[in-house]
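Here is the structure we will look at.
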Amino acid sequence: GDMDGRSVVDAVIGRGLWFDGINDHIALGDVDLSGTYTMSAWVKADTLGSPQRFIWKRNAYTLWYDIGGPGGIRCEHHSGIDWRGIAQDSGFAPPMTAGSWYFLCGTYDGDRIRLYINGELASETRTIAAAPQNNAEPLFFSRINEYVHGSMDEIRLETVARSAAWIRLRYLTEKPSSNA
């Protein structure tokens with residue numbers, strides 16, 4: 001997109017990135033999360049009138065906000081046949097409010113996808129036997145045609161499913177009111 005120095009803003013931990021909701025995105029190349037994973041980011045949406053893909057790899061995995069269908073925050077991966085995750089395999093897609101920071105974290109441990117919001121388990125799927133597939137598509141922060149309108153900070157992708165205790169501790173030590 002047209003990201004420049006004005007896109008660097010105060011965020012949860014120092015400086016983060018602001019996305020204009022029109023064309024701002026970051027493409028990172030091929031990132032492989034074809035086994036267990038943890039995807040996380042601090043997100044503050046300015047508006048929520050359209051879908052917003054915080055983390056997206058085409059036909060592989062995503063952490064996003066959906067306004068259609070069940071609506072809400074979702075974590076999903078593509079099994080090679082179809083999308084699996086919050087909404088498709090039970091689970092509740094929690095709502096989000098514009099203007100507030102959220103620590104979003106999605107994990108897949110080889111059995112279930114779990115969605116954590118602000119360090120707490122918010123939703124989980126039933127057992128999913130199919131792991132995510134990998135492909136040569138680039139990884140995006142703010143997907144084309146479903147751009148983020150707001151700020152993101154501390155975006156992380158890991159090839160391990162972090163525990164609930166680890167996620168909670170990360171949230172507690174990073175949250176704006178933390179004294180850690």
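The values are calculated or read from the model by the stated rules, or taken from the named source; none is laboratory data. As the structure is a prediction and not an experimental result, all values here were calculated from the model. Note that each Cβ is placed from the backbone with ideal geometry, even for glycine, and that neighbours are counted across all protein chains shown. For the accessible areas, the whole protein counts, side chains as well, though only heavy atoms, and no ligand, DNA or RNA atoms are used. Shrake-Rupley method; radii C 1.70, N 1.55, O 1.52, S 1.80 Å.
Here are the numbers for this structure:
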| quantity | calculated |
| --- | --- |
| Hits in the range 84-108 (condition: surrounded by fewer than 16 Cβ atoms within 10 Å (Cβ to Cβ) and at pLDDT 90 or above) | Pro95, Thr97, Ala98, Gly99, Ser100 |
| Elements of type strands (runs of 3 or more DSSP E) in the range 112-180, at least 2 residues being out of contact with any His (no Cβ under 9 Å at 6 or more places or on another chain), of a type in the set (D, E, K, R) and surrounded by 15 or more Cβ atoms within 10 Å (Cβ to Cβ) | 149-158 |
| Check on Asp109, among the acidic types (Asp, Glu) and either over 20 Å from Arg170 (Cβ atoms) or touching a strand residue (DSSP E or B) at 6+ places or on another chain (Cβ under 7 Å) (or both) | no |
| Answer from Arg112, Arg74 - the residue that is free of Cβ contacts under 8 Å to residues at least 60 places away in the same chain, among the basic types (Lys, Arg) and under 17 Å from Lys57 (Cα atoms) | Arg74 |
| Selection from the range 121-169 of residues that are over 21 Å from Thr97 (Cα atoms) and among the small types (Gly, Ala, Ser) | Ala129, Ala130, Ala131, Ala136, Ala161, Ser163, Ala164, Ala165 |
| Flag if Arg84 is part of a strand (DSSP E or B) and either in contact with a His (Cβ under 7 Å, 6 or more places away or on another chain) or basic (Lys, Arg) (or both) | yes |
| Failed condition for Pro70, given (1) open to solvent by less than 60 Å² (accessible area, probe 1.4 Å); (2) of a type outside the set (Val, Ile, Thr); (3) at pLDDT below 90 | (1) |
| When residues of the range 1-35 are limited to those that are within 30 Å of Trp83 (Cα to Cα), in contact with a strand residue (DSSP E or B) (Cβ under 6 Å, 6 or more places away or on another chain) and open to solvent by 70 Å² or more (accessible area, probe 1.4 Å), the one modelled with the highest pLDDT | Trp18 |
| Criterion: within 26 Å of Ser50 (Cα to Cα) and in contact with an Asp or Glu (Cβ under 9 Å, 6 or more places away or on another chain) - qualifying residue of Thr125, Thr97 | Thr125 |
| Conditions (1) under 16 Å from His149 (Cβ atoms); (2) open to solvent by less than 30 Å² (accessible area, probe 1.4 Å): number failed by Ser40 | (1) |
| Residue in the range 128-150 that is among the β-branched types (Val, Ile, Thr) and under 26 Å from Gly14 (Cβ atoms) present | yes |
